[in-house]
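Have a look at the structure below, then the notes.
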Amino acid sequence: MKIIRSPEVLQREMRRQSRRGREIGFVPTMGALHDGHLALVRRAHRENDLVVVSLFVNPTQFGPKEDFKRYPRPFREDCRKLRWAKVDYVFYPPVKAIYPEGDSAYVDFAPRENGVDLTHVLCGKFRPGHFRGVATVVAKLFCLVGPDRVYFGAKDYQQTVVVRRLIRDLHLGIKFCLCPTVREKDGLAMSSRNRYLDPAERRQALEISKTLFWIRKEILRGNRQIARLRRRAIQNLRKTVDRLQYLEIVDPESLSPLSRFQPSMVALVACYVGKTRLIDNVIIKTRPRRNPG
Ligand code: AMP
């Protein structure tokens with residue numbers, strides 16, 4: 001496994017590999033790796049000749065009062081996991097290499113007629129500038145790696161929609177691969193931030209996935225009163241978590257909130273448990289009803 005810190009060296013190496021006909025799978029991460037990340041790596045392995053993982057805590061996607069400084073950076077442990085997973089290249093750049101002094105180009109999304117877009121709803125509403133930071137770093141990393149396929153987790157559902165759109169609108173010609181959320185045995189979505197939780201908070205946090213699973217179960221058993229379901233879920237979750245930022249049931253592509261049933265939906269939550277901000281979601285796909293007769 002090669003560890004590369006310089007963007008130029010990485011780009012040169014990746015171009016050399018592409019010229020040799022190697023297909024490159026890329027998994028961008030912020031490190032503090034868990035089984036969710038490793039599931040993306042395993043899939044990238046199955047579908048490509050080479051796997052590249054980036055470990056980069058991207059400052060531009062954190063707000064001024066967020067946990068950028070505190071974010072865990074267990075580099076040696078991450079490397080051990082990646083070596084074990086037989087990753088070919090680890091890209092571990094210093095912040096200055098990705099954002100050289102005086103850099104000014106970024107990637108952002110234009111608002112739609114109604115003033116909102118994919119990046120100003122849900123998490124974007126509570127984390128101004130977050131998706132501009134995500135889109136910018138992802139675009140930079142894609143340019144450096146030149147991957148054939150990229151792997152993202154459904155855990156960060158809004159991010160997957162934003163990155164998909166970036167690939168499409170900028171004609172990047174990269175295949176986007178969506179991987180399911182990996183959960184702990186009891187249902188809690190794996191996250192690098194779970195390590196902030198003390199045992200009592202860990203128990204509180206469990207209510208997030210429980211609530212989302214309840215919504216999915218209700219819809220799958222035929223409950224079509226989406227607005228009412230959402231209200232009940234909010235009432236329930238508010239009893240347990242410390243600050244609910246949103247619980248929305250939305251269209252999987254436009255992220256527009258839904259008050260009526262449709263065959264494909266996503267329910268998403270963002271909330272604080274203690275000082276830790278957690279997000280989770282479930283994708284709900286109902287089978288089309290057969291026409292009677
Ligand atoms: P992060 O390091 O949190 O930026 O995540 C890097 C990638 O891993 C993103 O595509 C995430 O969506 C994905 N990821 C994080 N947690 C999970 C999980 N529990 N299951 C699946 N993918 C995940």
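General remarks:
- Selection within region 1-20 - open to solvent by less than 50 Å² (accessible area, probe 1.4 Å) and small (G, A, S): S6
- Subset of region 170-192 [assigned to a loop (DSSP other than H, G, I, E, B), within 16 Å of the ligand (Cβ to nearest atom) and open to solvent by 20 Å² or more (accessible area, probe 1.4 Å)]: I174, P180, T181, V182, E184, K185, D186, M190, S191
- Residue match in region 80-93 (condition: free of Cβ contacts under 8 Å to residues at least 60 places away in the same chain, under 25 Å from L38 (Cβ atoms) and surrounded by 13 or more Cβ atoms within 10 Å (Cβ to Cβ)): yes
- Within the option set V266, V250, V273, being crowded, with 22+ Cβ neighbours inside 10 Å, at pLDDT 95 or above and in contact with a Pro (Cβ under 6 Å, 6 or more places away or on another chain) holds for one residue only, V266.
- Among residues that are in the same structural domain as C143 (by TED's automatic domain parsing), more than 14 Å from the ligand (Cβ to nearest atom) and basic (K, R), R76 is included.
- Total residues in region 33-64, condition in contact with a Lys or Arg (Cβ under 7 Å, 6 or more places away or on another chain), more than 21 Å from K2 (Cβ to Cβ) and within 9 Å of the ligand (Cβ to nearest atom): 1
- Considering only residues in region 135-169 that are within 8 Å of the ligand (Cβ to nearest atom) and free of Cβ contacts under 8 Å to residues at least 60 places away in the same chain, the one that is surrounded by the fewest Cβ atoms within 10 Å (Cβ to Cβ) turns out to be T160.
- Which listed residue is farther than 18 Å from L244 by Cβ and more than 9 Å from the ligand (Cβ to nearest atom), from R203, R195: R195
- Residue list for region 34-64, filter: touching a strand residue (DSSP E or B) at 6+ places or on another chain (Cβ under 7 Å), more than 30 Å from P128 (Cα to Cα), of a type outside the set (D, E) and open to solvent by 20 Å² or more (accessible area, probe 1.4 Å): R43, H45
The values are calculated or read from the model by the stated rules, or taken from the named source; none is laboratory data. Remember, predicted model here, so these are calculated numbers, not experimental data. In this analysis, Cβ positions are derived from the backbone assuming ideal geometry, glycine residues included, and neighbour counts consider all displayed protein chains. Please note that ligands, DNA and RNA were not included when accessible areas were found on the heavy atoms of the full protein model with its side chains. Shrake-Rupley method; radii C 1.70, N 1.55, O 1.52, S 1.80 Å.
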